[in-house]
1. At positive phi and surrounded by fewer than 22 Cβ atoms within 10 Å (Cβ to Cβ): which single residue out of 163, 57, 113 fits that description?
2. Which of the residues that make up the stretch 118-134 are surrounded by 18 or more Cβ atoms within 10 Å (Cβ to Cβ) and more than 16 Å from the chain's Cα centre (by Cα)?
3. Identify all residues within the stretch 214-226 that are touching a helix residue (DSSP H, G or I) at 6+ places or on another chain (Cβ under 8 Å) and under 12 Å from residue 290 (Cα atoms); write none if there are none.
4. For the subset of the stretch 121-157 comprising residues that are in contact with a helix residue (DSSP H, G or I) (Cβ under 7 Å, 6 or more places away or on another chain) and modelled with pLDDT under 90, which member is farthest from residue 28 (Cα to Cα)?
5. Could you tell me whether the stretch 138-155 includes any residue that is within 13 Å of the chain's Cα centre (by Cα) and either part of a helix (DSSP H, G or I) or closer than 30 Å to residue 241 by Cα (or both)?
6. Please specify each residue of the stretch 60-75 satisfying the condition of being surrounded by fewer than 17 Cβ atoms within 10 Å (Cβ to Cβ), in contact with a strand residue (DSSP E or B) (Cβ under 9 Å, 6 or more places away or on another chain) and under 15 Å from residue 107 (Cα atoms).
């Protein structure tokens, strides 16, 4: 019976629940699932924000991973669920929010009979004292597994693609600062992955046997530092940059600096930098054996991201996800002459007037 169900699942995944569809990776994944004409249901706190972005055959349900009761309807009839949410952009204890959200999601999935959960976490040596963000990402994977549902946890480093948080930060720094004062963290090794390769892994996981559902570390073809990535970007843009190293520049000061010259919020920048100081490279290469995917290197990833920026707007951006204050920040590197456009919107309640 189990073997029959496995064979059926490999042919047709059934109803897929997608969380985080308003975010950068989730938005790209939604497009990939719809292009393959798969049955998708999106969970969204504000369905009205997501509705214009989905295809006619995609269902949207209202729900919040921090509200267990709201997940019951969303889970009904689901065979596999993508967990692509996190609270990095929120104020307060994002670790506690992530912890509670993962417990709610895992328990609701188990109760509804969901067979599988596919989760995107972060690379980092769990034997080291990781940053709060990386520690939380790995803790979420553990909590989801404790639910008793089969969990495939991808652990990835920097994501390179038009509109991704890391790419927008790198682009802003290189485009705006021909001379930079750089702290030690720009030399820490990472293994960036292109957005197309990341989506390929997430989609391929749908038909992976349950026996291969475990932690898979994934990354691009190259191990490089942030300084290497900035130099690679500068070469492709025909720009010259000079980096002057300084021995001390705290994450707090670095985040304020990023807030001035890049589209990052200082709060998100600080959490990002706290994670950058840790090496995020693939140590377990089993994903290359399990998946028929051969990720591209940093130069090709940047070239693809720049080519997509030739469009008027990128398909999805890191800032698409709604913040806890209901404000959105939209920055796709759009240029009008020599100007860069940075726009924000916020919805407010008001009474009807005549």
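1. Working: 163 fails: surrounded by fewer than 22 Cβ atoms within 10 Å (Cβ to Cβ); 57 fails: at positive phi.
After applying the criteria, what remains is 113.
2. Our first condition is that a residue be surrounded by 18 or more Cβ atoms within 10 Å (Cβ to Cβ); within the stretch 118-134, this holds for 118-124, 130-131, 133-134.
Those that are surrounded by 18 or more Cβ atoms within 10 Å (Cβ to Cβ) and more than 16 Å from the chain's Cα centre (by Cα): 130, 131.
3. Residues satisfying the conditions are 215, 216, 217, 218.
4. Once the filter is applied, the top-ranked residue is 126.
5. There is no residue in the stretch 138-155 that is within 13 Å of the chain's Cα centre (by Cα) and either part of a helix (DSSP H, G or I) or closer than 30 Å to residue 241 by Cα (or both).
6. 73
The values are calculated or read from the model by the stated rules, or taken from the named source; none is laboratory data. Since the structure is predicted, the reported quantities are computational estimates derived from the model, not experimental observations. Methodologically, a virtual Cβ is constructed for each residue, glycine included, from the backbone with ideal geometry; neighbour enumeration extends over all protein chains shown.
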